[in-house]
Amino acid sequence: MSTSTETRVVVIGNGMVGYKFCEKLIAKEKTHFRLTVFGEESQVAYDRVHLSEYFAGKSADDLLMAPRDWYSENGIELYTGDPVVDIDRERKQVRSHHGLVVGYDYLILATGSGAFVPPVDGVEKDGVFVYRTLEDLDLIQSYARKARKGAVIGGGLLGLEAAKALLDLGVEEAHVVEFASRLMPRQIDDAGSGILQRQLESLGLQIHLNKSTQLIQGTDRIEGLQFADGTELPVDMLIISAGIRPRDELAKIAGLETHPRGGIMVNDQLQTSDPSIFAIGECALVHQMIYGLVAPGYEMAEVVASQLIGNARSFKPFDMSTKLKLIGVDVASFGNPFAQEPDCRTITYDNKAKGVYKRINVSSDGKTLLGGILVGDAEQYNMLLQTCKNLTILPPNPEDLILGSRGGEEAGVGVMGLPDEALICSCEALTKGQLCHEISENGQNTVEALKKSTKACTGCGGCTPLVKDLIQGVMKQQGLYVRNTICEHFDYTRQEVLDLIKINQLTTYNEVLNHLGKGDGCETCKPLVGSVLASLWNENILQKDRAVIQDSNDRYLANIQKGGTYSVVPRIPGGEITPDKLITIGQVAKRYGLYTKITGGQRIDMFGAHVSDLPLIWEELIEAGFESGHAYGKALRTVKSCVGSTWCRFGVQDSVSFAIELEERYKGIRAPHKFKSGVSGCIRECAEAQSKDFGVIATEKGWNLYVGGNGGSKPQHAQLLAADVDKETCTRLIDRFLMFYIKTADPLTRTATWLNKLEGGMSYLKAVVVDDVLGIVADLEKEMQLLVDTYHCEWKEVVENPELRKRFSHFVNVPEQKDPTVQFDSMRNQTKARDWKTVS
Amino acid sequence: MEVLHSTTTTTWHQACTVEDIPADGGACVLIEGRQIAIFNFSRRNEWFATDNQCPHRHQMVLSRGIIGSQGEEPKVACPFHKKTFSLRDGSCLNDEQYSIATYPIEIRGGVVYVEV
Ligand code: SRM
Ligand SMILES: Cc1cc2nc3c(=O)[nH]c(=O)nc-3n(C[C@H](O)[C@H](O)[C@H](O)COP(=O)(O)OP(=O)(O)OC[C@H]3O[C@@H](n4cnc5c(N)ncnc54)[C@H](O)[C@@H]3O)c2cc1C
Ligand code: SF4
Ligand code: FES
């Protein structure tokens with residue numbers, strides 16, 4: 001029902017760019033246009049850039065650009081699973097596969113591209129796939145279940161992503177076959193490729209360069225690849241990722257000009273040879289090239305949407321810098337990565353041992369950055385990219401840019417030093433100026449808030465670190481950053497709340513909230529107060545009003561797992577266990593149908609317990625002498641030990657005994673985050689004590705105490721606090737160190753991060769806990785002793801207390817019934833939780 | 001279960017007793033095969049009933065979530081990935097694409113009734 005004032009716009013293709021065009025057009029002008037969208041895929045537009053995350057557990061719904069309702073809510077007619085098959089340019093109408101005919105004033109082609117499949121004999125065989133759509137991924141996933149060896153043809157950006165996906169899908173061998181003499185030939189140089197290859201090999205990929213595939217062997221299904229040099233590679237599945245081919249077939253039928261090598265020809269306004277038809281995204285050939293990235297596609301959507309509302313705009317050459325994601329090795333290239341002397345000065349850093357390669361190309365006058373390559377460590381990518389794009393004047397020693405700050409200030413130019421025009425989020429074309437305004441004037445000072453108000457960080461996500469820095473920078477400028485208050489209910493830092501609770505002798509959450517806070521609390525402040533109350537008074541965490549303020553794990557004294565069941569980890573101090581106790585674990589696991597696994601912390605985890613079985617399981621374990629292992633709490637986990645002098649020919653002290661003593665001493669103590677420990681019997685360090693929050697290593701004369709170590713995503717070695725001390729001194733120092741940490745750290749901060757942030761660092765810590773410059777060590781020791789003396793096993797208290805025990809059921813009205821939606825699959829003769837995706 | 005009065009599509013059910021639900025917390029009841037989360041927001045003197053299933057990963061856990069407020073809005077946070085839902089209308093407060101159903105609830109004589 002178009003009226004004469006309505007402009008009819010038809011979009012062909014509901015991919016990322018087609019969707020973005022709709023979003024931009026209706027944001028500019030809603031009433032004037034009548035939009036119709038045709039999509040060939042049955043899904044509404046989804047985020048293809050993050051397609052591989054589908055294998056990591058994201059559902060198709062998570063990947064949607066916008067839910068289906070969004071289209072109807074915005075008055076857009078959407079037909080999915082119905083490709084356009086013909087364009088009648090005379091009558092200005094399109095016809096779909098299902099026979100729908102729709103007229104247009106403007107037609108937008110956003111048909112994207114398909115995978116380019118080289119003409120190799122045998123590509124039609126079963127087990128040969130491309131990697132482009134959700135449907136492709138479903139097919140690959142189900143085929144991979146029975147495949148043992150997989151290969152990817154193409155060692156470019158997408159090929160490597162696909163190869164990593166093969167690994168993640170669990171094939172035993174994953175190969176990458178590349179025609180060129182190096183990986184990612186369009187982004188990185190030979191030296192970078194060499195480092196990348198070694199890194200990928202260490203992840204388990206096998207790389208074959210200079211290989212031209214001639215034949216796909218096998219009768220009906222693929223059995224192997226045969227190469228031009230006569231060699232062969234037996235595989236039972238193959239993903240072809242040899243480049244993209246613009247989808248210009250419809251444009252061809254309609255008689256629009258296309259390029260012999262593919263692509264719909266458009267001018268700078270993105271008009272095809274028919275002025276009322278535009279082409280955007282990966283199907284369009286502009287400036288003699290296809291832009292195979294999402295950010296330029298979004299810019300094209302913007303250019304056409306602006307023109308339709310009457311603003312002249314043209315598409316300018318677009319930056320093609322890229323950062324490889326997901327593969328587990330950082331790779332990035334920006335600007336002109338291949339610029340060479342004499343046009344520039346090239347600085348490279350090549351560390352084969354660490355697997356890091358960095359190259360920057362600096363203009364001959366040394367003033368600006370032309371481009372570069374980063375492999376193995378791309379942390380500086382965003383900064384370098386901005387420095388390059390904005391022609392920022394370089395510091396006198398440009399090598400600092402890639403070698404990082406060597407003692408002292410951050411090298412180069414921080415994000416706050418960039419000009420206001422610097423493009424921070426290239427997907428959404430947001431400049432530093434716009435974002436700063438949003439943060440300072442409109443108060444959008446979290447990444448989440450900025451995502452909502454500006455869409456920053458919602459595209460490729462590459463700008464997120466820079467956006468975070470920007471938020472901090474702006475807040476700092478306004479003098480706002482200093483106080484890290486808890487949430488809307490408490491205008492205090494954790495340390496202040498702890499002090500106030502102590503002074504006022506508060507013991508329940510409601511008392512704390514009434515005294516110090518406002519509103520009704522939330523999931524941020526409740527567990528935090530719960531942890532502080534436990535650190536101060538060590539009363540049962542489930543009593544008074546405290547059960548309902550704990551995070552789910554603490555509330556049920558077990559770790560919640562996929563599907564809503566729990567895992568149970570009994571304490572096994574120092575990793576030492578008797579045969580009888582091992583038998584009990586086996587019996588209990590069998591009786592309750594639990595999956596068992598040795599953890600990375602020298603103990604045993606039993607998974608898949610129904611909430612109502614927990615007290616029964618604990619009862620049996622307690623009977624056999626076990627206690628809670630506090631795997632669920634922000635508390636001591638394990639004190640890992642090596643076997644030490646009791647058996648080991650090198651041991652100089654009894655590390656197992658000391659580990660057990662320490663674990664018994666600190667078990668159950670609540671802290672801002674979990675903490676771990678280890679005790680090694682000699683300098684060989686088999687207990688990895690230096691990677692722990694506190695670690696002890698035996699010496700000929702006594703023990704060396706290290707603190708502030710961390711594994712996790714940012715591993716860090718612990719630092720020496722005291723050398724050659726006896727056990728008693730060592731324990732006293734640990735008491736003080738832990739208590740000082742508990743009293744002063746921010747919420748959810750491990751000791752390593754706390755120590756990194758502590759002004760004065762290690763020397764200050766030593767001054768406080770060893771030299772007692774603050775005069776507080778006696779108090780610290782006393783407070784710790786109180787916690788040690790008031791230890792209780794939380795499991796035992798639940799088992800023995802009918803009131804608490806009653807809370808361990810799934811249905812309060814039918815306590816004997818278990819959650820019927822819990823489902824398990826079997827794997828290697830045990831159970832596993834049913835995957836998220838298949839539960840509904 | 002005792003039926004009080006019925007409309008065309010829903011019925012009031014006796015769900016559990018007041019003591020079954022911890023103060024300022026929740027628990028789950030089974031009503032005609034459906035899992036309903038009941039929350040006793042005693043700090044505000046209000047009761048709420050919602051789906052027990054979190055729509056994000058279809059987990060039956062919302063009754064085990066921490067409740068609280070955002071501004072004036074009463075809410076519950078899913079224990080899994082902390083999506084938070086308004087207890088009043090079920091809308092998700094940190095991800096527009098999700099929402100849960102809420103159900104009328106009444107307390108009479110120490111008994112909790114829910115209309116499902
Ligand atoms: C079970 C276990 C894996 C295993 O099967 O081996 C495990 C399982 C989990 N780890 Fe771990 N970690 C396990 C050893 C480790 C280790 C190795 C170690 O302790 O020697 C590390 C690195 C060492 C370290 O912490 O410094 C480790 C570093 C992490 C981290 C990162 C911490 C960090 O500071 O960066 C997290 C995330 C967190 O705590 O926020 C984490 C979080 C988790 C959580 C709690 C994730 C979660 O929220 O559900 C997992 C709980 C599963 C469960 O329900 O039991 N896990 N985790 C290991 C239990 C050891 C134990 O007996 O208690
Ligand atoms: C695995 C993978 C990883 C990627 N990673 C990155 C990355 O990290 N960074 C980056 O910038 N880019 C990346 N890309 C590229 C990015 O996804 C594309 O640049 C972007 O999707 C292009 O958008 P588009 O709308 O032009 O095409 P598409 O998203 O392909 O959408 C085109 C749509 O049009 C449909 N269509 C075609 N013909 C018709 C017809 N006749 N009628 C109706 N519908 C039709 C197609 O079925 C398709 O759904 C990646 C791509 C893949 C496959
Ligand atoms: S590394 Fe730890 S947190 Fe991650 S999946 Fe393994 S057990 Fe879970
Ligand atoms: S399952 Fe509820 S937030 Fe993910």
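The values are calculated or read from the model by the stated rules, or taken from the named source; none is laboratory data. Because the structure is predicted, anything quoted here is derived from the model rather than measured. Here the Cβ positions follow ideal geometry from the backbone for every residue, glycine too, while neighbour counts run over all protein chains shown. These area figures cover heavy atoms from the full protein model, side chains too; ligands, DNA and RNA do not enter into them. Shrake-Rupley method; radii C 1.70, N 1.55, O 1.52, S 1.80 Å.
Points worth noting:
- Karplus (6.51, -1.76, 1.60) ³J(HN,Hα), θ = phi - 60°, over the stretch A:163-168, in Hz, Gly and Pro reported as x: 5, 4, 4, 4, 4, 5
- Estimated FRET transfer efficiency when R0 is 22 angstrom, pair A:Lys476-A:Val447 (beta carbons, to 0.05): 0.85
- Averaged over B:72-82, number of beta-carbon atoms from partner chains that fall within 10 Å: 3
- Taking the helices alone, the protein assembly as shown has a mean residue ellipticity at 222 nm of -8000 deg cm²/dmol, built from -39,500 (n - 2.57) per DSSP H run of at least 4 residues and averaged over all its residues.
- Expressed as a whole percent, the accessible surface of the stretch A:1-159 that belongs to carbon and sulfur atoms is 47, based on a 1.4 Å probe.
- Surface share of carbon and sulfur [accessible, 1.4 angstrom probe, percent] for the stretch A:732-840: 51
- Estimated D of the protein assembly as shown in µm² per second, where Rh is the Kirkwood radius over Cα pairs and Stokes-Einstein applies at 20 °C, 1.002 mPa s: 67
- Zone residues, the stretch A:329-361, relative to A:Glu379, backbone N less than 13 Å from point 7 Å out along Cα-to-Cβ: none
- Those chymotrypsin sites (Phe, Trp or Tyr not before Pro) in the stretch A:601-692 that DSSP places in a loop and that have at most 11 other beta carbons within 10 Å: A:Trp647
- Relative intensity of the stretch A:251-317 on a log10 scale, I(q)/I(0) at q = 0.12 Å⁻¹, equals -0.26, per a Debye sum over C-alpha point scatterers of equal strength in the absence of solvent.
- Full extension of the segment from A:Phe650 to A:Gln823, taken as 0.36 nm per residue of separation minus the current Cα-Cα distance, would add 57.4 nm.
- Above 19 Å, the calculated P(r) of the stretch A:33-143 contains 57 percent of its Cα-Cα pairs.
- Reachable lysines, given that their alpha-carbon falls under 22 Å from the alpha-carbon of A:Lys581 and they are not under 8 places away in the same chain: A:Lys590, A:Lys597, A:Lys640, A:Lys667, A:Lys796
- Size descriptor, Kirkwood hydrodynamic radius, that averages inverse alpha-carbon separations across the stretch A:708-813, Å: 16.5
- Semi-axes of the equivalent ellipsoid for the stretch A:431-481, Cα gyration tensor, largest first, Å: 17, 11, 9
- Using a probe of 1.4 angstrom and keeping all protein chains present, the accessible surface of the stretch A:431-481 works out to 50 square angstrom per residue.
- Farthest toward positive dipole pole in the stretch A:679-764 [+1 Lys/Arg, -1 Asp/Glu at C-beta], among A:Ala698, A:Ser713, A:Cys682: A:Ser713
- The charge dipole of chain A, taken about its Cα centre with unit charges on the Cβ of Lys, Arg, Asp and Glu (plus for the first two, minus for the last two), comes to roughly 400 debye.
- Inter-centroid distance (Cα atoms) of the stretch A:91-134 relative to the stretch A:747-785, Å: 64
- Each semi-axis of the equivalent ellipsoid for the stretch A:519-588 is √(5λ) with λ an eigenvalue of the Cα gyration tensor; in descending order they amount to 30, 16, 9 Å.
- Sum of side-chain charges, A:Gly600 neighbourhood, beta-carbon under 11 Å (Lys, Arg +1; Asp, Glu -1): +3
- Taking amide hydrogens as placed 1.01 Å from N in the peptide plane, the amide H of B:Val112 sits under 5 Å from those of B:Ala15, B:Cys16, B:Thr17, B:Val18, each at least 5 positions away in sequence or on another chain.
- Percent of Cα pairs in the stretch A:686-745 per distance bin of 10 Å, from zero to the largest separation: 24, 52, 22, 2.
- DSSP beta bridges in chain A [antiparallel fraction, %, rounded to 5]: 60
- Evaluated with a Cβ-only charge set (Lys, Arg +1; Asp, Glu -1), the stretch B:19-109 carries a dipole of roughly 220 debye about its Cα centre, given to the nearest 20.
- Look at the stretch A:809-820: the mean tally of other chain Cβ atoms within 10 Å of its residues' Cβ atoms is 6.
- Protein accessible surface hidden between A and B, which excludes ligands and nucleic acids, total in Å², probe 1.4 Å: 3500
- Peptide B:30-42 has a mean shielding of 2, counted as Cβ atoms of other protein chains within 10 Å of each residue's Cβ.
- Count Lys and Arg as plus one, Asp and Glu as minus one, and take only other residues whose Cβ is under 13 Å from that of A:Lys30; the net charge is then -1.
- Counted over the stretch A:128-242 with a bin width of 5 Å, the fraction of Cα pairs per bin, in whole percents, is 2, 12, 24, 25, 20, 12, 4, 1, 0.
- Förster radius 56 Å - calculated FRET efficiency between A:Asp88 and A:Leu748, Cβ distance, rounded to 0.05: 0.35
- Close amide H partners of B:Gln59, meaning residues 5 or more places away or on another chain with modelled amide H under 5 Å apart, are B:Cys54.
- Taking 7 Å steps out from each Cα toward its Cβ at A:Ala60 and A:Lys28 produces label points 3.2 nm apart.
- Accessible surface computed residue by residue for the stretch A:494-550, with neighbouring protein chains in place and a 1.4 Å probe, gives 34 Å² per residue.
- Derived scalar couplings between HN and Hα for the stretch A:365-377 equal 7, x, 8, 10, 9, 8, x, x, 9, 10, 10, x, 7 Hz in order, rounded to whole Hz, by the Karplus curve 6.51 cos²θ - 1.76 cosθ + 1.60 (θ = phi - 60°), x for Gly and Pro.
- Straight-line reach from A:Lys354: taking Cα to Cα under 22 Å and skipping same-chain neighbours fewer than 8 places apart, the lysines in range are A:Lys164, A:Lys323, A:Lys325, A:Lys714.
- Taking Cβ atoms as reference points and 11 Å as the exclusive limit, the residues near B:Cys28 contribute a net charge of -1, counting Lys and Arg as +1 and Asp and Glu as -1.
- As a fraction of the 1.4 Å probe accessible area of the stretch A:431-481, surface on carbon and sulfur atoms comes out at 48 percent.
- Charging the Cβ of each Asp and Glu at -1 and of each Lys and Arg at +1, and nothing else, the dipole of the stretch A:431-481 about its Cα centre rounds to 100 debye.
- In units of the rule-of-thumb radius 2.2 N^0.38 Å, the stretch B:33-105 shows an alpha carbon radius of gyration of 0.97.
- Per residue, the stretch A:26-175 exposes 45 Å² of accessible surface when a 1.4 Å probe is rolled over the protein heavy atoms with every protein chain present.
- Positive-end residue, the stretch B:19-109 charge dipole about Cα centroid, Cβ charges, pick of B:Ile107, B:Phe80, B:Gly33: B:Phe80
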